[in-house]
Amino acid sequence: MEFKEGRHRILMVSDFFYPNFGGVENHIYLLSQCLLKLGHKVVVMTHAYANRSGVRYMTNGLKVYYVPWKPFLMQNTLPTSYGTLPIIRTILIREKISLVHGHQAFSTLCHEALMHARTMGYKVIFTDHSLYGFSDIGSIHMNKVLQFTLADVSQAICVSHTSKENTVLRSGLPPEKVFVIPNAVDTTMFKPAPERLSMDPIVIVVISRLVYRKGADLLVEVIPEVCHLYPNVRFIIGGDGPKRVRLEEMREKHSLQDRVDMLGAVPHAKVRSVLNSGHIFLNSSLTEAFCIAILEAASCGLLTVSTRVGGVPEVLPDDMTVLAKPDPSDMVDAIKKAIRILPRIDPQEMHLRMKEMYSWHDVAKRTEILYDRALRCSNQTLLERLPRYLTCGAWAGKLFCLVMIIDFILWRLLQLWQPDSEVETVPDFKRTELKRG
Amino acid sequence: MADQSIISNARFIYVHDNHKFSPPHAVDSHHIIVRRSVVKPIVVYLFAILLVAYAAFLHFEKGKPVTTVIWTFFFGAVLVKFFIWRPIVKESVIIMPEFGVQLETHYGSGRINRCFIPVSKILKSVLNEHVTPVTCCWCLSLLIRDENELTLVFKKSRPPLKMLVPIWKALCAATDCKESFEFQEDVLVRGLY
């Protein structure tokens, strides 16, 4: 592919990518695909999964490097500060990258890659996908690491205004550097059923990981109450996790086996058919920066009932969703209201509205504008960049400066050992048209 | 009449015995020779000698035990082995069209390892990117019938892509692979070959 002017060569870095499925993973994949369509070159770097290691190619020539650093805790690579410098340098040079885009504050590989990319003079962008706390010891440490990484980032992206506020407070980054680009949904994949479902029974769908953060405990309180109040309501619960046992117990205790279906883990390809079997989508998360699940449900024409937490109120217009406090009685009231307004909902009309409001191509275009901005930032030497780290704290600032100086020295030593010219660049492959024979 | 084409870089020399004017069934050989650097051995020997001399000085003048000298001698020997001793001198690929491919490895000790693969067993030759925890390089491998793993053509050397491409093309031609020659044209256009 001939490389046109104004086209960028982007390296997406995160610990979270295919073959895992989740918000961050889908975001990186779909954003990369849309950027490829716009003519940019995108390469993804992540750690090796099980026996998936080395270079793989995905749809449209998306190249993925599964670097053989095994994950050590919750999908994260072992943080060695300088261990990943050689491989990151090799990938940046051989793919002729112009810009590095890191995803998710919880990813150690992302932080290391951004640090090394800054040392080597590349422009760097960071996207934060989740909300984090301030008070527990894990959050305090992570916020400090985030402060370090974002001290010298070119631009930052958050998926909602609530998330922007959270990131700015945690990292001390000036708000002018943070941009809000919401996630989107693939409306071609999530379409309502062609035939409208009958209103009897009313089916409420829940699809989420059954963990504490996603409010599985709230479901345990809410479901029996709703089943008691409305004899014609059924629940379908898709997903798996440590709290599944509690839900099974609730089913047994209230004899709801015929009214509550537990589907177990639902593969991503089957989510649409599960959503299409329901009228209302119930989301009980205790914290959510954005919530793509609600978008998928709305795209399939379901009325959404959700907890009013984090960035959820920013996702859908008021007539497509009913919000409640994360409290069982408030949620039951919200479900009552949803059942009342359900006859007024037209799934096809909802789907068309979603199509106009959210699109990954729009997200890619907005991200492209940010890339152009980032590349226009001036190049700075190490001495010009160090004062930014000093503002991170009385002791932390000096420690971070030392870390960056050592990184710089290690980079120069690596350049002596293997000069940049010795690293071979990868030829750009032409993608030939499929010949139908 | 054999024609030789040579590509070299700091670490390897690639020699291709090109039998352009010989009968079509003639043997085609490609050799990758590992280069000897001139400066590195001098520096390493000098360092080892200095180290042993210093240990000897410590033993005779300062009265340190003789084991210090022995340890530094061992350490020097390890340095020499690690930095200078070339376990592999040359790796060759000899292609006999319609018959098979022979892979040879010439060691520094004089030993030669040969491995013959008949052409019927070769499914395809591929250029793979080999990712390690610290680096990424190209390697040429063969897909062999009934075997789960790829067979590396060059076991120890990692020559650059511009040396691997002509060998890959020759292997493809010999094993009769007709698919995906677009890469070759693309590579030609970019002057890599």
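How many residues does the stretch B:154-180 hold that are open to solvent by less than 50 Å² (accessible area, probe 1.4 Å), modelled with pLDDT of 90 or more and in contact with a helix residue (DSSP H, G or I) (Cβ under 7 Å, 6 or more places away or on another chain)?
Adding up the residues that qualify gives 1.
Applying the selection to the stretch A:129-161, what residues are under 14 Å from residue A:172 (Cα atoms) and either free of Cβ contacts under 8 Å to residues at least 12 places away in the same chain or acidic (Asp, Glu) (or both)?
Of everything in the stretch A:129-161, those that are under 14 Å from residue A:172 (Cα atoms) and either free of Cβ contacts under 8 Å to residues at least 12 places away in the same chain or acidic (Asp, Glu) (or both) turn out to be A:140, A:152.
Tell me, yes or no, whether the stretch A:4-11 has at least one residue that is surrounded by fewer than 16 Cβ atoms within 10 Å (Cβ to Cβ) and more than 19 Å from residue A:122 (Cα to Cα).
Within the stretch A:4-11 (the criterion being surrounded by fewer than 16 Cβ atoms within 10 Å (Cβ to Cβ) and more than 19 Å from residue A:122 (Cα to Cα)), the answer is yes, since at least one residue qualifies.
Name the residues in the stretch A:127-169 that are charged (D, E, K, R) and under 16 Å from residue A:101 (Cα atoms), would you?
Hits for the stretch A:127-169 are A:128, A:152.
Is there any pair linking a residue in the stretch A:90-102 that is within 11 Å of chain B (Cβ to nearest Cβ) and among the charged types (D, E, K, R) to one that is open to solvent by 10 Å² or more (accessible area, probe 1.4 Å) and part of a loop (DSSP other than H, G, I, E, B), with Cβ under 9 Å and at least six apart or on different chains, and which?
Once the first residue is within 11 Å of chain B (Cβ to nearest Cβ) and among the charged types (D, E, K, R) and sits in the stretch A:90-102, its partners that are open to solvent by 10 Å² or more (accessible area, probe 1.4 Å) and part of a loop (DSSP other than H, G, I, E, B) give A:94/A:423; A:94/A:424; A:94/A:425; A:95/A:425.
Scanning for something in a loop (DSSP other than H, G, I, E, B), within 14 Å of another protein chain (Cβ to nearest Cβ), surrounded by 14 or more Cβ atoms within 10 Å (Cβ to Cβ) and touching a helix residue (DSSP H, G or I) at 6+ places or on another chain (Cβ under 6 Å), does the stretch A:401-420 turn up at least one residue?
No, there is no match, as no residue in the stretch A:401-420 is in a loop (DSSP other than H, G, I, E, B), within 14 Å of another protein chain (Cβ to nearest Cβ), surrounded by 14 or more Cβ atoms within 10 Å (Cβ to Cβ) and touching a helix residue (DSSP H, G or I) at 6+ places or on another chain (Cβ under 6 Å).
Can you pull out the residues in the stretch A:149-163 that are under 14 Å from residue A:404 (Cα atoms) and in a helix (DSSP H, G or I)?
Listed by number, the residues that qualify are A:149, A:150.
Being within 14 Å of another protein chain (Cβ to nearest Cβ) and buried (at least 17 other Cβ atoms within 10 Å of the Cβ) is the requirement here; does residue B:92 meet it?
no
Name the residue, out of A:84, A:77, that is under 20 Å from residue A:412 (Cα atoms) and within 13 Å of chain B (Cβ to nearest Cβ).
Residue meeting the stated conditions: A:84.
Within the stretch A:274-292, is even one residue in contact with a Leu (Cβ under 9 Å, 6 or more places away or on another chain), among the β-branched types (Val, Ile, Thr), in a strand (DSSP E or B) and over 22 Å from residue A:201 (Cα atoms)?
no
Is there a residue in the stretch A:141-152 that is closer than 30 Å to residue A:316 by Cβ, open to solvent by less than 10 Å² (accessible area, probe 1.4 Å) and more than 14 Å from every other protein chain (Cβ to nearest Cβ)?
Looking for residues that are closer than 30 Å to residue A:316 by Cβ, open to solvent by less than 10 Å² (accessible area, probe 1.4 Å) and more than 14 Å from every other protein chain (Cβ to nearest Cβ), one finds at least one in the stretch A:141-152, hence yes.
Has the stretch A:359-373 got any residue that is in contact with a Lys or Arg (Cβ under 7 Å, 6 or more places away or on another chain), part of a helix (DSSP H, G or I) and either surrounded by 14 or more Cβ atoms within 10 Å (Cβ to Cβ) or touching a residue at least 40 places away in the same chain (Cβ under 8 Å) (or both)?
Among the residues of the stretch A:359-373, not one is in contact with a Lys or Arg (Cβ under 7 Å, 6 or more places away or on another chain), part of a helix (DSSP H, G or I) and either surrounded by 14 or more Cβ atoms within 10 Å (Cβ to Cβ) or touching a residue at least 40 places away in the same chain (Cβ under 8 Å) (or both), which makes the answer no.
So, in the stretch A:63-74, of the ones that are open to solvent by less than 60 Å² (accessible area, probe 1.4 Å) and more than 8 Å from chain B (Cβ to nearest Cβ), which residue ends up farthest from residue A:30 (Cα to Cα)?
My answer is A:71.
Select from the stretch B:23-59 the residues that are of a type in the set (Ser, Thr, Tyr) and modelled with pLDDT of 80 or more and list them in ascending order.
Selection gives B:29, B:45, B:54.
Report every pair of residues separated by at least 6 positions or lying on different chains whose Cβ atoms are under 9 Å apart, first residue within the stretch A:414-428 and farther than 19 Å from residue A:121 by Cα and in contact (Cβ under 8 Å) with a residue 60 or more places away in the chain, second among the basic types (Lys, Arg) and open to solvent by 40 Å² or more (accessible area, probe 1.4 Å).
A:424/B:162; A:426/A:96; A:428/A:96; A:428/B:190
From the list A:109, A:114, A:146, exactly one residue is more than 30 Å from residue A:427 (Cβ to Cβ), under 20 Å from the mean Cα position of the chain (by Cα), outside any loop (DSSP other than H, G, I, E, B) and of a type outside the set (Gly, Ala, Ser). Which is it?
Unique residue meeting the criteria: A:146.
Counting just the residues of the stretch B:95-109 that are in contact (Cβ under 8 Å) with a residue 24 or more places away in the chain and open to solvent by less than 50 Å² (accessible area, probe 1.4 Å), which one comes out farthest from residue B:27 (Cα to Cα)?
Residue satisfying both the conditions and the ranking: B:105.
The values are calculated or read from the model by the stated rules, or taken from the named source; none is laboratory data. The shown structure was predicted, so the numbers you read here are calculated from the model rather than taken from an experiment. Cβ atoms come from the backbone with ideal geometry, glycine included; neighbour counts cover every protein chain shown. Please note that ligands, DNA and RNA were not included when accessible areas were found on the heavy atoms of the full protein model with its side chains. Shrake-Rupley method; radii C 1.70, N 1.55, O 1.52, S 1.80 Å.
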